[in-house]
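Each remark here refers to the structure printed beneath this line.
Coordinate-derived values only; no laboratory data. Keep in mind it's a predicted model, so treat the numbers as computed, not measured. Quick reminder, even Gly has a Cβ in these numbers, built from the backbone with ideal geometry, and neighbours come from all protein chains shown.
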Amino acid sequence: MPDEEILEEGIVNPVETEIQDPLLRSLVAEGAEPAGTIVPQPAPLEIPLPAEGVDCIVIGTGAGGAPLLARLAMAGLKVVALEAGPWHDPKKDFATDEKAQEYLFWNDERLSAGQDPVAFGKNNSGIGVGGSTLHYTAYTPRPQPADLHLHRDFGVGVDWPFGYDELEPYYEELEQFLGISGPTPYPWGAARRKGYPLAPLPLNGAAQLMQRGCETLGIRTSPAANAALSARYYQEGVGWREACTNRGFCQAGCSTGAKASMDVTFLPLAAAHGADIRPNSYVTEIERDASGTITGVVYEQNGEQQRLRCRHLFLCAGAVETPRLLLLNALALSSGHVGRNFMAHPGVQVFGTFAEDIRPYKGIPGALISEDTHRPKDADFAGGYLLQSIGIMPVTFAGEVARGRGFWGQRLRDYMRQYNHIAGINILGDCLPHADNFLELAEEKDARGLPKPRVHFTNHENEHRMNAHAEKLMRRIWEAAGATDIWAFQRSAHVIGTARMGLSGDDAVVDANGRAFDVPNLYICDNSVFPSALGVNPALTIMALALRTADKFLESQK
Amino acid sequence: MASSFYPEGTVRALLTTELVTEATRAALQARLNAPPYTPQFFDPATYALLRAVAARLFPQPDRPEPIELAPALDQRLLAGGSDGWRYDVMPPDREAYRLGLGGIRESAQAMFQQDFERLSPEQQDAVLQAVQDEQAPGDAWQTVPAGRFFEELLAELTDTYYAHPLAQEEIGYVGMADVPGWTRLGLNETEPREPEANR
């Protein structure tokens, strides 16, 4: 056997080997191993060990991994991104069809427990070069400064270890770089140094109706900020990106490149600066030396195991796969907070039927926003939420009608025939961390033999009160706009938390710079590090954190 | 009662035009021209039961040939596919469907002393309603929660039904005509390729 195939000494492999034989398992469990029993030894890993390592490995290519990758590559570091899914050619591959696009979702099964089990897959989880940004709606509101100190203001949850001013320069940079379309000046939040680089995208029927209802009730609205281009835009490392054609399929993949998913923005930029992006690379193990320093990772690529060595690891796999990898590898667990503080944005939707022709499949789904509910005067809860109009794709909508209203038979078909006359409004609200909301590894294994994640989620009083407040308000808006047959679909949207950032390794997994408290060369950068959920869509803030984490890391290396 | 407010044939006609991208056309035509299907996961009797259940969840008296909903489910379970999550209270999908369909069979016997397939449409609906309401009799419902099983079955068949081009035509959806983009997207604004409703 050639030397390089021998497993390197001192490498810890903490993934426990599953004993499949029930008799043997019971014997081992009892600790009574009779003489003569042959204990099967795990076959030694025979993975080619590359002669060279790289400076940095980034796991995941979504809103967390991609901007960071670009920043590190531009600083001249040798960087590799490992992405579990394939690299698509959207212009050729993406169909305007919900079913055909299901491959954009992270469809490995997750077990949803608790009183309000969270839907994953298309609801909030992505795979492929670009991660969830391949199917995000590209709503890119900034949080308001108060979102970062819920505890200071209300005495609940935890505050971020830094203020809004730390993120602000990155929001500005991102808005300019991605070519975000939005209103200038923006009606809510802190004053801004720069406006959006592009004018807002047009309002579709649902947005116009919400505008009408809100106007009657005296609620301010505005065209929303969205990371799809309202005019062609030149992007470094990419070239000209064309304007949005209002195809309305943002949540099933943009085929025109108008939407700023990572595959048409930060990833080509990273590649232009030498980053090596490896698709279909599913990381299973994170290896360490005796001192606990990470030495590299093992991943599966096209059915073969590979090992890659690195000096620094950046884990950017999202609020479910990031803690799952940490738990699988018994890594960074000293705080006891990995998997804890799982939060999901309250995202109740209210639909109504209108006389007008709406054709909900046209235009960006949520063209109108209101942040008047950021801190409602009559609130009986901590935090707040924003309102967004919804024009919804037909299969997604039908599924919500089936689950939410329980309609079936002729009644379902009759209701669905109103599709072109139905508009929605939804909220995105803050969520508090609760002790009984957490992620753990289940006994049940996936196809690779790894434990599936189980996520416990139950809304508590604060979320219930916020949802009730929001539902009542959205019903009033739809009544004012002339809707009939108004109903609410209860849902949780984005998932947040599970490896939170904080000031102390006693109650947080990473420090204010995104570095693990207990592993010297591990950084985490995705929605799992958010200390609080923020009452806005998370993608822009994940990207801002990614750039900031990269900058902090680069400073530390000087 | 007419099945749709929208004129028949609009989607089929659109698919032959240059208004539809190749990827979109390929996806939709595969569903439109699906060949006859032989079950590979379910045994013939359970598959027949599934078809009978689907015929009540999506009655299609307006169509000479109903949109078949059972094949997609059979194929998914055979391949071990998932939509990314499962209620923790539910057994794994293959087991859940075997148990749940067995439960429907059991409930039909308990309520009407007859196979589900041989019941009148009204009786079949009564069985399904009892399952949805978690009131259905039968031991199977001790091992698989009736309400969640019904929700999962209904949601999956609903996805399959409304992904079919003819069901999309029924609700007046023409988003698949994706080559030109949309310039008229405000209230009451339509473009020539969007059919007008007859009502």
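What the table shows:
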item	result
Overall form of chain A per C-alpha gyration tensor (a/c, 1.5; a/b vs b/c)	prolate
Net charge of Cβ neighbours under 9 Å - reference A:Gly482; Lys, Arg +1; Asp, Glu -1	-1
B:Val179-A:Glu444 pseudo-label distance in nm [points 7 Å out on the Cα-to-Cβ vector]	4.5
Residues of the range B:15-33 with amide N under 16 Å of a point placed 7 Å along Cα→Cβ from B:Glu68	B:29-33
Gain in span if fully extended, A:Gln490 to A:Lys91, counting 0.36 nm per residue against the direct Cα distance	140.2 nm
Per-selection Rg to Rh, the range B:1-119 - Cα, Kirkwood hydrodynamic radius	1.04
Relative contact order %, chain A, counting alpha carbon pairs below 8 Å whose residues are six or more apart	22
Euclidean distance between Cα centres, the range A:203-231 to the range B:136-162, Å	38
Gyration tensor (alpha-carbon) shape descriptor, the range A:374-506, a/c threshold 1.5	oblate
Leading residue at positive end of dipole, the protein assembly as shown (Cβ point charges), from A:Phe354, A:Tyr164, A:Gly391	A:Phe354
Calculated P(r) of the range A:54-183 - Cα pairs past 22 Å, %	57
Qualifying lysines (Cα of each under 17 Å from Cα of A:Lys377; at least 8 residues distant if same chain)	A:Lys472
FRET efficiency estimate (nearest 0.05) - Cβ-Cβ, A:Glu461 to A:Lys552, R0 30 angstrom	0.25
Unit charges at the beta carbon, dipole of the range B:10-170: most positive-side option, B:Phe149, B:Pro71, B:Gly138	B:Pro71
Additional length obtainable on full extension of the chain from A:Gln115 to A:Ala272, 0.36 nm per residue less Cα span	51.8 nm
Label point distance in nm, A:Arg232-B:Glu191, each placed 7 Å from Cα along Cα→Cβ	1.9
Spacing of the two label points (7 Å from each Cα toward its C-beta) at B:Asp88 and A:Gln410, in nm	4.2
Cα gyration tensor category, rounded, prolate or oblate, for the range A:160-258 with a/c compared to 1.5	oblate
Kyte-Doolittle mean at least 0.0, axial Cα span of 27 Å or more - DSSP H helices of chain A	none
Partner lysines for A:Lys259 [C-alpha distance under 29 Å; skip if fewer than 8 residues away on the same chain]	A:Lys78, A:Lys91, A:Lys92, A:Lys99, A:Lys122, A:Lys194, A:Lys362, A:Lys552
Distance from the range A:288-320 to the range B:46-123 (C-alpha centre basis), Å	44
Computed over chain B, Kirkwood Rh from alpha-carbon pairs, angstrom	18.8
Theoretical gain in end-to-end length, A:Lys472 to A:Asp289 [0.36 nm per residue, Cα-Cα removed]	60.2 nm
Size descriptor, Kirkwood hydrodynamic radius, that averages inverse alpha-carbon separations across the range A:149-198, Å	12.6
